[in-house]
Amino acid sequence: MLRKFIMTVLVLIFYLLQCTLFKTWSLASVSPNLLLILTFAAGFMGGRKNGMYVGFISGIILDLFYGDVIGFNTLILLYIGYVNGLFNKMFYDEEITLPIILLVGSELSYSFIYYIFNFLLRGRLDMGYYFMHIMLPELAYTVVISVLVYRLLLRLNRRLDDFEKRSAAKFG
């Protein structure tokens, strides 16, 4: 229960940072997708259910404030949380390569699905321009920021795991 509460608060904090601070620090007119980083980390560290929960909350917030259709970002982030949760069994604190690979895959998937439904189906067929000017800069910026954010989320995950173990030992 504490983990869900903390994840909900983190979604709100990351949303506010993404919409305020990182919009002013945008590079090449793109900013990092912090909610995608959080969804990826929640799924990878906490499993499918945790990733889906964070993806759902993140997507709903994005859809309510920025989306044209409610449920579009929710569905994409829900699936991203689920797919990253499948790799939970491969989660080791010391390894950074697999998380970076998963994050790159998540970011590319999110951007490509977003392109298909928001641009391609509306007749904007210039995939090369979108890839070079939006997808790649956002991918690079998200990966650089995620290295810092992932370390913080890793520490938080360790503390939550320790707290849950102590609580289980008291009552079990």
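Other residues lying with their Cβ under 13 Å from the Cβ of Phe131 contribute a combined charge of -2, Lys and Arg counting +1, Asp and Glu -1. Expressed as a whole percent, the accessible area of segment 1-85 that falls on carbon and sulfur atoms is 73 (1.4 Å probe). For segment 18-110, applying the loop criterion from DSSP together with a ceiling of 14 other beta carbons within 10 Å to the chymotrypsin sites (Phe, Trp or Tyr not before Pro) yields Trp25, Tyr66, Tyr92. At a probe radius of 1.4 angstrom, the accessible area of segment 66-163 per residue rounds to 60 square angstrom. Helices in the chain, meaning DSSP H runs of at least 4 residues, each add -39500 (n - 2.57). Divided by all residues, the mean residue ellipticity at 222 nm is -25000 deg cm²/dmol.
Residue-normalised convex hull volume from the C-alpha trace of the chain: 113 Å³ per residue. Computed over the chain with a Gaussian network model linking Cα atoms closer than 10 Å, the most mobile of Gly46, Gly67, Gly81 is Gly67.
The values are calculated or read from the model by the stated rules, or taken from the named source; none is laboratory data. Just so you know, these numbers come straight off a predicted model, no measurement behind them. Backbone-built Cβ (ideal geometry, glycine too); neighbour counts: all protein chains shown. Ligands, DNA and RNA are stripped out before the accessible areas are found, and what is left, the full protein with its side chains, is counted by its heavy atoms. Shrake-Rupley method; radii C 1.70, N 1.55, O 1.52, S 1.80 Å.
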